[in-house]
Number of protein chains: 2
Amino acid sequence: MEQSDAAIRTRAAERKAPPTIYDIARLTGVSPSTVSRALNKPGRLNAQTERRIRDAAAELGYRINPMARALPTGKTGTLGLLVSDITNPAYFDLVRGAERVASETGMTIVFADSQESPELERATAERLQTSVDGLLLVGSRLEDHQIQDLSSVKPLVVVNRLVEGIPAVIPDVRPGITTALELLREAGHRRIAYLAGPEASWMNGQRWQHAFEIAVEWDMSIVEIKSNAPTREGGAEAFGRVKAADVSAVLAYNDLVALGLLRECRDHGLDVPGRLSIIGFDDIFGADLPTPALSTIRMPLAALGERGIRRLLTEIDGGESEDESALPTEFVGRESIAAARS
Amino acid sequence: MEQSDAAIRTRAAERKAPPTIYDIARLTGVSPSTVSRALNKPGRLNAQTERRIRDAAAELGYRINPMARALPTGKTGTLGLLVSDITNPAYFDLVRGAERVASETGMTIVFADSQESPELERATAERLQTSVDGLLLVGSRLEDHQIQDLSSVKPLVVVNRLVEGIPAVIPDVRPGITTALELLREAGHRRIAYLAGPEASWMNGQRWQHAFEIAVEWDMSIVEIKSNAPTREGGAEAFGRVKAADVSAVLAYNDLVALGLLRECRDHGLDVPGRLSIIGFDDIFGADLPTPALSTIRMPLAALGERGIRRLLTEIDGGESEDESALPTEFVGRESIAAARS
DNA sequence: AAGTGACTGGCAATCGGTTGACAATTGTTC
DNA sequence: GAACAATTGTCAACCGATTGCCAGTCACTT
């Protein structure tokens, strides 16, 4: 016991330097540059030599030192992914999608969140930029010119946002909102509210604007209600204002605020969906858990993550890429909506 | 419009190389090594010179190139954080805690998940090791010797796991389980089941073992029921086995399986908690959402993340650090438990 | 006035790769 | 058999920092 324990400690302490191309060169009797070519430029060398070098590399357990390579090439093999709030489950699928594409292409993702703070976002973005090949900004709360400035340093792609001159990947919120409002109208709702998200969120603007346009077109009354934070707490705090607004249905900025509102309604004995219908946005983990289960508008999150990374990669390669079509959202009907009381 | 658009594109295309210490050296008329000292060894230089250099650096918007620094020093300023499944909300708080400590100390965290696959975990760990100063393995599904091997390459700390010779940060699951079983016993439960998690999970072993010991000690009958995956789906699939086991209460490996089981009970008309009491583990986001809200055993996740990173940092500095006390878990009573029917 | 030591700042080697230029070798063609 | 081309591998410079060693200054002792 003690013996093996000691052995392990020793082993850990003795961490020897990992093998380099110089070690491989010595072992095979060629020059380091030849080793580099054998490993990176298949075909450039004699097939036998290449074989020998590759075998030696495998035998030594050689792994390239990314830092050393990054120096002359300027390529780190790393992409930065910056989200506004890591504790929002909506980002799960997006991160998963991004990660999948990244690992397919042998890239590493550095993942960070800005806790809904623009200052922190800018600082983090700048810090990351020194060590990544490109940056993916998801739901950025920065101002347009700040994003443009960042983009002048390193390739950058925004998701859930549009900024002039910056490549972007966005969903089309219209299909989902249209279906949702259609259902509400058919169910007799005439007065609805939009429970807003952060003002700095472009996505929030989109959701409000389309809901507004459609409601106006269909002759429903619509009001915007502020919420303090795009969280469950924020949704709960808005309860009083929602109640006072005298509406029969609420479309929320996202599922978090919808869930917060839903819970608060229950705690105050306000019947959902009997007296108030609630619709969320994103279809996050847990949206189906409460009673009534939350109806929501599903975002194509995994696809946004995948496309975001793909777009970033072509941006890094300097390739042109035509703008792809926006990814559609989809209404997910659950139990939180019902007919309006006449 | 087109004009400014073109301007932005041009700007992005013209990405000029960021300033280096050589630029600063030229601007201030000193040598690069002096610049390096001015920036990293405060006091080593004449105060005026240092001032001049710092000002010049600020003016140029200099940011150190982490790659270039990493080469001679071997320090990348980056830590790897590897979790078993990024879509498990349990990791939120842990990641947040880890991130906080890391950014306090100026470190960057690279975050990755292994999707419950040991092979992927090993591959990812090895890949990360080439570019980080140390690795934090959370809920690793690897075997002990694999972890020990990894540890012989770079500093490594495990969370929610114990491996001989490897520094670890773990919670103490006993307080939470003890309180939970105490409540069940007082409520008249005599036959309970443990709905298991992955066999490769050390944490699963802990939870089962302590529940087992306590149940035996208190003369309650206890059985272990396998689940296919530590997810909501896995919990739902176990419903039949749970029902067949003829128990009045279930302690689940984690909240995900508990939530899955809870939902399945509801869908099959099995009254929770009237006929079956359910207790989860972790207290994840959403545990309080269903009706009945899920009782659970809360893990000190943020603290685990913080301590994990701290421990890793001292490990990197080669410092000794005495083992801290295990962090206690805590029972969170909600609606999913009730008295057993006699 | 020579000796001592503290303080400053420069030189040059080094980390581990990449890559353009070139030399050596081999094969091909007339 | 000489001229030429293609193939293969080496040389050496370079990426952007860090750091041990040394030299020059200057003030202060004795």
Unique match (being open to solvent by 20 Å² or more (accessible area, probe 1.4 Å) and away from chain A (no Cβ under 13 Å)) among B:ASP149, B:ASP172: B:ASP172
Consider only pairs whose beta carbons are under 6 Å apart and that are at least six residues apart or on different chains; among these, list those whose first residue lies in segment A:107-123 and is more than 9 Å from chain B (Cβ to nearest Cβ) and more than 9 Å from A:ILE86 (Cα to Cα) and whose second residue is part of a strand (DSSP E or B) and modelled with pLDDT of 95 or more. A:MET107/A:LEU79
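Condition check ((1) in a loop (DSSP other than H, G, I, E, B); (2) in contact with a Gly (Cβ under 6 Å, 6 or more places away or on another chain); (3) within 21 Å of A:PRO292 (Cα to Cα)) across all residues:
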residue	(1), (2), (3)
B:VAL223	no, no, no
B:ASN228	yes, yes, no
B:LEU259	no, no, yes
B:CYS265	no, no, yes
B:PHE281	no, no, no
B:ARG311	no, no, no
B:GLU322	yes, no, no
Step by step: first the residues of segment B:43-54, then only those that are open to solvent by 100 Å² or more (accessible area, probe 1.4 Å) and assigned to a helix (DSSP H, G or I), then the one that is nearest to DNA strand D (Cβ to nearest atom). Which residue is that? B:GLN48
Answer yes or no as to whether A:LEU60 is touching a residue at least 12 places away in the same chain (Cβ under 8 Å), aliphatic (A, V, I, L, M), more than 16 Å from DNA strand D (Cβ to nearest atom) and not assigned by TED's automatic domain parsing to the domain that holds A:ALA229. yes
With the structure loaded, tell me whether A:ARG9 is part of a loop (DSSP other than H, G, I, E, B), more than 15 Å from DNA strand D (Cβ to nearest atom) and modelled with pLDDT under 95 or whether it fails that test. no
If B:LYS16 satisfies all but one of (1) modelled with pLDDT of 90 or more; (2) not assigned by TED's automatic domain parsing to the domain that holds B:SER114, what's the number of the condition it fails? (1)
Would you check if B:ASN40 is open to solvent by 40 Å² or more (accessible area, probe 1.4 Å) and without any contact (Cβ under 8 Å) to a residue 40 or more places away in the chain? yes
Restricting the first residue to segment B:306-335 and requiring it to be open to solvent by less than 50 Å² (accessible area, probe 1.4 Å), which pairs with a second residue that is among the hydrophobic types (A, V, I, L, M, F, W, C) and assigned to a loop (DSSP other than H, G, I, E, B) meet a Cβ separation below 7 Å and a spacing of at least six or different chains? B:ALA326/B:ILE170; B:THR329/B:VAL173; B:THR329/B:MET299
Matching residues in segment B:142-153 (at pLDDT 95 or above and not in a helix (DSSP H, G or I)) number 2
Mind checking which residues of segment B:49-71 are charged (D, E, K, R) and facing another protein chain (nearest Cβ under 10 Å)? B:ARG63, B:ARG69
Name the single residue that is surrounded by the fewest Cβ atoms within 10 Å (Cβ to Cβ) among those in segment A:69-90 being touching a helix residue (DSSP H, G or I) at 6+ places or on another chain (Cβ under 6 Å), small (Gly, Ala, Ser) and not in a loop (DSSP other than H, G, I, E, B). A:ALA70
Answer yes if at least one residue in segment A:191-212 is without any contact (Cβ under 8 Å) to a residue 12 or more places away in the chain and more than 30 Å from A:LEU135 (Cα to Cα), and no otherwise. no
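The values are calculated or read from the model by the stated rules, or taken from the named source; none is laboratory data. In this text, all values refer to a predicted model and were calculated from it rather than measured experimentally. For neighbour counting, all protein chains shown are included, and Cβ atoms are generated from backbone atoms with ideal geometry for every residue, glycine included. Just so you know, the surface numbers come from the protein's heavy atoms only, side chains and all, with ligands and any DNA or RNA stripped out. Shrake-Rupley method; radii C 1.70, N 1.55, O 1.52, S 1.80 Å.
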